[in-house]
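One structure is given below, encoded as structure tokens.
The values are calculated or read from the model by the stated rules, or taken from the named source; none is laboratory data. Worth saying up front: this structure is predicted, and the values here are computed from it rather than measured. Ideal geometry is used to build each Cβ from the backbone, glycine not excepted, and the neighbour counts take in all protein chains shown. Quick note on the areas: whole protein, heavy atoms, side chains included, nothing else; ligands and nucleic acids left out. Shrake-Rupley method; radii C 1.70, N 1.55, O 1.52, S 1.80 Å.
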Amino acid sequence: LCIRDSIEAILLDSRAPRSGDAYLRFIPRTEMDIAVVSAGVNLTLDEAGVVKTARVALGAAAPTVLLVEEAAEVLVGSKLDEATLERLAKVCAGACRPIDDKRGTIEFRRKVAGVLAGRAAAKAYERAGGK
């Protein structure tokens, strides 16, 4: 006899005010659901629109999901200007340890990881109320 427990609820803390997140992925074709690379960004802004806290994760960029702390540090203290987004892209590209296969080369995946991280950060910033 095998008795399995079932999940009845998942309780999450309330989201901090002025918080936003975004997740983007690059897939080779619309009928194929395997991401070449993905990026997720979560951030919280202060009253002036400056990033107070941030988290940046990259998927399909290494054997397991990467939580890129250095990328989060790039965002904290900024209003996501162009220079910050360029630094974010560079840090994320450097953090990758992707494979080289038929869906994309190592260089391509690194470039896409940086681009997606920047786009996700901008979208998360907008969702948090940043201007």
Check your understanding: How much of the accessible area of the chain, in percent, comes from carbon and sulfur atoms when a 1.4 Å probe is used?
Key -> 53 percent
Point to revise | Neighbour net charge for ALA89 - beta-carbon separation under 12 angstrom, K R +1, D E -1 | key: +3
Check your understanding: Where does the chain land on the Kirkwood hydrodynamic radius, alpha-carbon pairs, in angstrom?
Key -> 15.6 Å
Study note, to complete from the structure: In Å², rounded to a whole number, the accessible area per residue of the chain with probe 1.4 Å is 65 Å²
